Number of protein chains: 6
Amino acid sequence: MSDQQTPSFTHLDSQGNASMVDVTEKAVTQREARAEAYIQMQPETLDLILSGGHKKGDVLATARIAGIQAAKKTSDLIPLCHPLMLTKVAVELIPEPENNRVRIESLCKLAGQTGVEMEALTAASVAALTLYDMCKAVDKHMVISGTKVLEKKGGKSGHWLMDS
Amino acid sequence: MSDQQTPSFTHLDSQGNASMVDVTEKAVTQREARAEAYIQMQPETLDLILSGGHKKGDVLATARIAGIQAAKKTSDLIPLCHPLMLTKVAVELIPEPENNRVRIESLCKLAGQTGVEMEALTAASVAALTLYDMCKAVDKHMVISGTKVLEKKGGKSGHWLMDS
Amino acid sequence: MSDQQTPSFTHLDSQGNASMVDVTEKAVTQREARAEAYIQMQPETLDLILSGGHKKGDVLATARIAGIQAAKKTSDLIPLCHPLMLTKVAVELIPEPENNRVRIESLCKLAGQTGVEMEALTAASVAALTLYDMCKAVDKHMVISGTKVLEKKGGKSGHWLMDS
Amino acid sequence: MSDQQTPSFTHLDSQGNASMVDVTEKAVTQREARAEAYIQMQPETLDLILSGGHKKGDVLATARIAGIQAAKKTSDLIPLCHPLMLTKVAVELIPEPENNRVRIESLCKLAGQTGVEMEALTAASVAALTLYDMCKAVDKHMVISGTKVLEKKGGKSGHWLMDS
Amino acid sequence: MSDQQTPSFTHLDSQGNASMVDVTEKAVTQREARAEAYIQMQPETLDLILSGGHKKGDVLATARIAGIQAAKKTSDLIPLCHPLMLTKVAVELIPEPENNRVRIESLCKLAGQTGVEMEALTAASVAALTLYDMCKAVDKHMVISGTKVLEKKGGKSGHWLMDS
Amino acid sequence: MSDQQTPSFTHLDSQGNASMVDVTEKAVTQREARAEAYIQMQPETLDLILSGGHKKGDVLATARIAGIQAAKKTSDLIPLCHPLMLTKVAVELIPEPENNRVRIESLCKLAGQTGVEMEALTAASVAALTLYDMCKAVDKHMVISGTKVLEKKGGKSGHWLMDS
């Protein structure tokens, strides 16, 4: 299963059993990942988010906090993820009224032995779910989509940027 | 903001502060929700999932278990969700080779005071993230999309089915 | 220690071992508790919280969300607390510039077999700690005090109000 | 907001959004913090704690264990705290019958990139809440107060001692 | 697999996928389970536990608290367990010097839709692991054994007692 | 513990209070531990696990995943364990039909300041409990036994192997 020629799953051992990849001997380097997700909604729902003064603050702040906390829970949620000591998490929610959606962008950083793209993806996903939760009483047709990694830095694979 | 005429956010009080909706006096009824999500991948990645005998079992089983466990963590992940005692959670992963994707469908049930669509959405989202985690070493271009509620039963709003 | 005449600790059995009180046969009734806490700070620190527009929103919203989430974690934090399904949690932060402090008031509700004052106290305490965390870089002399129950409703003991 | 002249909140970005402070490039140094809290009670309540032989052991031991475990949960409770690998946690409960109260002192240590005063404060607060929980059936008027940092060592700011 | 004649796994659906058993329509009844576990150790290790005055209290109290808290985490640890609201948890540790071991007995109670034997087993197991942790510096040869259910009450299957 | 002559508990301070051992100044070295546990069952129960094709996969995969996730929760379950960043966790389940049991072996690795045997023991114990949970509807007489450490590497004590 470790043959260079054929790609294989790093999370399965030679008998096909799920296990956590061994990173014991990997170097500690600075790592960083950015991810995004979108939540599509009715124009009226987005208006409601945008119209409130204080209110807007709390709706977006709640989703932002939920995303940050979720990044820290990634290894508890995703069975084969390593526990990590994130050194920076940020989540931004950018309303895009022209597209009837909110764009969510997350950033995670670490000085550690493994990459942080799962943490960034988890932050963006949970921020989107939290926005869904707060808006679901007024909009039953929301859809979360486009959840993906945008950029990775650090580690053996160096700098990687999703082609747009 | 509590005017019946205009839709409003149930998770904000009259000053716009985030708070958990009061369901103390709601009746305990049987409730159910189904949700789905998709993860798009390279054809070679899906082949790899499908080709393994044992291996396939563990990849899909790991995602299924992660989704089930995530449903139970919903109120810990989403700040304004009520803690619930789910009576049934199931997560199915259906490979769709013709579309280069895996479809994930989740089902949550409860005899309780509030709906379970957030639990179903969380289960589907985390199953998708887990699949992403196990395939990311061979495919850097996966995208999770189409995360939405398919059906709701029980509670005041009765039976609701997303129009397809 | 089980003598009716002398008060005793309900969380210790007859050998003095800590254990969770048996509430299996208690009736399910509507219960409610309000608690409060204060965080004392330099006038400049409170000015900083009050001066920002967006900023103020996020500082207070973060503490509010943390308090709400902590209420749901009470039985995980306090060893002999029963797991509960809270039906309502709210946390309010009221700046009191005249006293150089922020007052925090929490409310928890439940239809269940045991009281929710520990949940209300935990919500107020963690909201205060979160405010401390966000202000500690500009003020090293903050003190959290006055954490107490204000009011209880429901259950065998009925309505109880802290004498002011 | 990053102007050296005016103090500012390190947990807010330039738009005022809450985010976790970036400590990726901070040096790993030995850090230490001590905090305290007090719980005021009726003299009879404190007598009850002090009179039991085994019993006393379990009441104070339960609060001590709860405080230690809470220190490890700090980054899960306080949204903008970094996950840390504490290398030492201790919680002491000192009955002060002359003042009708119990003093709680906590100590946290770490070889890491950020300070541990929030962990020490959380340990002291949760130990106090646990004591409250075990005594609340015999005393409805307890108050937790004086929760503050006593001393900090390590990191850029060096040794800091709360003036008494 | 759903044939009444042949026994089958209730946690696998008709395709063999793991899922949580549906208990939505089961009646709420009072349920109870007792379980036990043993930890075998060197006579000197047990002497050390028994000799200390204060010390003994804290060693056994720590294990007891850990067992109680673990019972509440069962549905988080065991993927297909339902979240439950335990109404009573007790853990007893009984040193048996004549057998060079400590016997651990746990009791869990609930008014709910499903049995609590997994909660009782988890409490006993984690209490044993905690004792192991505290003694491992002086004894490298401890073994945990005999972890089993002793008795079950309530639910469809009524009263069941392990034959001794 | 500082007297070489008499062994003592490292988790108790000089007053006999439970506290987390101070590892702040211990060197970061590569550490590793292997542990095992057995679950005894009726021959028919083991047949049922072994007979299913897909089914077998999911039963054993569920227990394996639960064990891996539990290793990561060790410091949350066992009060005086340090939080650790495991770099490798693997859990193997080996059916032994000749002995009517399943053997569970776990492996944990870390580059850190303290050993990982508690993590390995917790992984094996929770994998066994999960297997118990999935088989309990068809077998009420299962027993978990023989939970012990098999091997330790790294740290001050070097390589240690349980004599078989």
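The values are calculated or read from the model by the stated rules, or taken from the named source; none is laboratory data. Just so it is clear, the model here is predicted, and its values are computed rather than measured. Cβ coordinates were reconstructed from backbone atoms using ideal geometry, including for glycine residues, and neighbour counts include every protein chain displayed.
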Those residues of the stretch C:6-23 that are in contact (Cβ under 8 Å) with a residue 40 or more places away in the chain and within 24 Å of C:Gly158 (Cβ to Cβ) come to a total of 4
For E:Ile49, are the conditions met, namely being among the β-branched types (Val, Ile, Thr), over 30 Å from B:Gly67 (Cβ atoms) and modelled with pLDDT of 95 or more?
-> no
Selection over the stretch A:97-149 where residues are more than 9 Å from every other protein chain (Cβ to nearest Cβ), crowded, with 24+ Cβ neighbours inside 10 Å and not charged (D, E, K, R) yields a count of 10
Right, B:Leu60: in a helix (DSSP H, G or I), surrounded by 24 or more Cβ atoms within 10 Å (Cβ to Cβ), among the aliphatic types (A, V, I, L, M) and more than 7 Å from every other protein chain (Cβ to nearest Cβ) or not?
-> yes
Hits in the stretch D:68-85 - residues which are within 20 Å of C:Pro79 (Cβ to Cβ) and not acidic (Asp, Glu) = D:Ile68, D:Gln69, D:Ala70, D:Ala71, D:Lys72, D:Lys73, D:Thr74, D:Leu77
Subset of the stretch F:70-96 [among the small types (Gly, Ala, Ser), crowded, with 24+ Cβ neighbours inside 10 Å and touching a Cys at 6+ places or on another chain (Cβ under 8 Å)] | F:Ala71
Looking at (1) more than 21 Å from F:Thr29 (Cβ to Cβ); (2) in contact with a strand residue (DSSP E or B) (Cβ under 6 Å, 6 or more places away or on another chain), can you tell me which one F:Lys109 breaks?
-> (1)
Search result, residues across the stretch C:14-40 that are acidic (Asp, Glu) and either buried (at least 20 other Cβ atoms within 10 Å of the Cβ) or at pLDDT below 90 (or both) | C:Glu32, C:Glu36
Just wondering, is there one or more residues in the stretch B:19-37 that are closer than 28 Å to C:Ala127 by Cα and of a type in the set (S, T, N, Q)?
-> yes
Give me the pairs, please: first residue somewhere in the stretch C:24-50 and away from chain E (no Cβ under 14 Å), second residue anywhere and of a type in the set (Val, Ile, Thr) and surrounded by fewer than 22 Cβ atoms within 10 Å (Cβ to Cβ), beta-carbon distance under 6 Å, and either six or more positions apart or on two chains.
-> C:Gln30/B:Thr24; C:Gln40/C:Val143; C:Thr45/C:Val138
Test B:Ala61 against the criterion of being modelled with pLDDT under 95 and on the phi < 0 side of the Ramachandran plot, and give yes or no.
-> yes
